[in-house]
Structures are given as C-alpha cells and as structure tokens.
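Here's the structure we're looking at; comments come further down.
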Amino acid sequence: MTGPHPMSRRALVAAGAAAVAAGATGLPAHAAPSTPDDETPARPTLVLVHGAFADGSSWAPVVERLQRAGYTVRAVANPLRGLAADAAHVRAVLTSLTGPVVLAGHSYGGAVITEAAAGLAHVKALVYVAAFVPDAGEVLGELADRFPGSELQPALTAVPVTAPDGTPDADLYIRADRFRRVFAADVPAATARLLASVQRPLSASAFGAKATAAAWRTIPSWHLVAARDRAIAPALQRFQARRAHAHTVEIAGSHLPLRSHPDAVTALIRAAARAVTAH
C-alpha cells in the first residue's frame, strides 16, 4: 500500500499563505471579508433646547440615556431673552453642525426650535416635549390662552429690568410656592425646591412675540403630550400635535417629563432618530 503523494513546493507555499490569511482575519481562507454596497447612514446629532425657568441641566436624565445609547448630544443654552433672539442663537448652533440633526425642544423651547430650524435642510426631525408649537404669525401669549387648563400666568412674578436696547422689560419667574404644582408636580419635593431656587427667568417680551416661521410645516415632527401639565394646557398640546400631523405619544405626567419620565422622552427622541437614519 502506498501513502499519499508528497505535496509539491508550489502547493506548500499556497497552503502556507492560506493559513496566514486565515490567522490574520479569523475567517476561513476561502471567506474574504465582505464590503457593504453602501455605507451605513450616519447617526444624527441630537440637539436639545430647554424652555423657560430652566437651563440645559433639565435635560440631564435624558442626555445620560441618549449618550449610553451611543448618540452625540448637544444641550444648548437657551438665552430666554425673547423669541427672535433665542431662535437666532439656536440657529447659529445648528448651522455650526454638519450631518443630520434631530432637534428637540421642551416647553418654550418648542417655540424656539420652530423658528430656528426653518429652512435648514440638515435638520431632519423635530421633537416637541410638553411644548409650545406656534404657527407663523401666532403670538405665544395668545396661543397659550386658546385652551383652558394652564395655571402658569397667575403663578408668575415679574422683576422690572431694562432690555439690551434700553427699553423697559421684565424678567418672569414662577413663584416658589407655586413652582412644584405648576411646573414639576410629579418630581420629588426636594428636587422641585432646588429647581425653583435655580430657575432662570424668561423675558416677558417672549409672550408678546410673533412667530415668523413654522419649521414643522416642512420637517416631520414627534410630540410628547403631558396629560397632567398645568403650565401648557394638555388640550393645546394635542391641538398642536394634530395640526402638525405629528407622531404623538401621551403620558400621565406634569410639565417636566424630562425629569419625571425620562425613559418616555428618550424613547421618543430615539424614534425620531431612527426614522432619520432609515432614510
């Protein structure tokens, strides 16, 4: 009986090269790494805009969750000096970014993003969280009064100030004894007291400002309605979502779901981001 024929020098060299290839790639020698036909679409940058009586830290529980999921997040400092000025500030941030953007606004921040995003092609989705969502030509104060249910106005206190252009203005705060009920009813009492102490004022001129653009008319939007909101009437939130033909979820929460329902807010923003990535 004869044994197997010895391998030729050429066959030995070929076999050795195959073994090296397999060791380098972790794949069988015949299985070359595959290359996708198209690159995976880039994840959008998530830009979050806070509302009145707050700052960027109000988004902290949501930012933590989004970052854990691998997203790049920017929580913009909203100046709260009036709709035109605030929208211009946010728009400057947006124009500094490259790639797709999902833009979210809470409370008064919803009005700011509505104006700031108009005409920006890289803003692919808008997310409104217990927010004002004005149409072009609407005045925020009049929009707020369109439906009953808000307890914000009688809870406000005004501090007279001089605007940058030298005209009289006022800074609005929520009274400490009304803050939790109106703004953060389902947030722990100690947290609500802290938030009341560090609240940032809104220029009274914001409520008399007329929106000049409505980005939601051309950009898809997602809305979170807070059914127990005492700052922006839930009926107003539902009306705004309907007229925007928005993807809408409703929670049994107060005006501050960023703190009391961060999982729901995060899920809505991620849904908008997935829709952007899919296109």
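Taking amide H as placed 1.01 Å from N in the peptide plane, the amide H of V127 sits under 5 Å from that of L103, A104, G105, W222, each at least 5 places away or on another chain. Adding -39500 (n - 2.57) for every DSSP H run of four residues or longer, then dividing by how many residues the chain holds, sets the calculated 222 nm ellipticity at -11000 deg cm²/dmol. With Cα atoms defining each centre, the range 255-274 and the range 212-252 are spaced 14 Å apart in the structure. If you sort V249, V182 by accessible surface, 1.4 Å probe, largest first, the order is V249, V182. Length available on full extension from R238 to A136: 0.36 nm per residue minus the Cα-Cα distance, which gives 34.9 nm.
Over the chain, calculate the relative contact order: mean separation of alpha carbon pairs under 8 Å at least 6 apart, over the residue count, as a percent.
Computed over the chain, the figure is 22 percent.
Just the protein heavy atoms count here, and of the accessible area of the chain at 1.4 Å, carbon and sulfur take up 57 percent. Spin-label model, T72 to E250: label points 7 Å out along the Cα-to-beta-carbon direction sit 3.8 nm apart. For the range 102-172, the solvent-accessible area works out to 38 Å² per residue, with a probe of 1.4 Å and every protein chain left in place.
The values are calculated or read from the model by the stated rules, or taken from the named source; none is laboratory data. Worth saying up front: this structure is predicted, and the values here are computed from it rather than measured. Ideal geometry is used to build each Cβ from the backbone, glycine not excepted, and the neighbour counts take in all protein chains shown. The accessibility values were calculated without ligands, DNA or RNA, using every heavy atom of the protein model including side chains. Shrake-Rupley method; radii C 1.70, N 1.55, O 1.52, S 1.80 Å.
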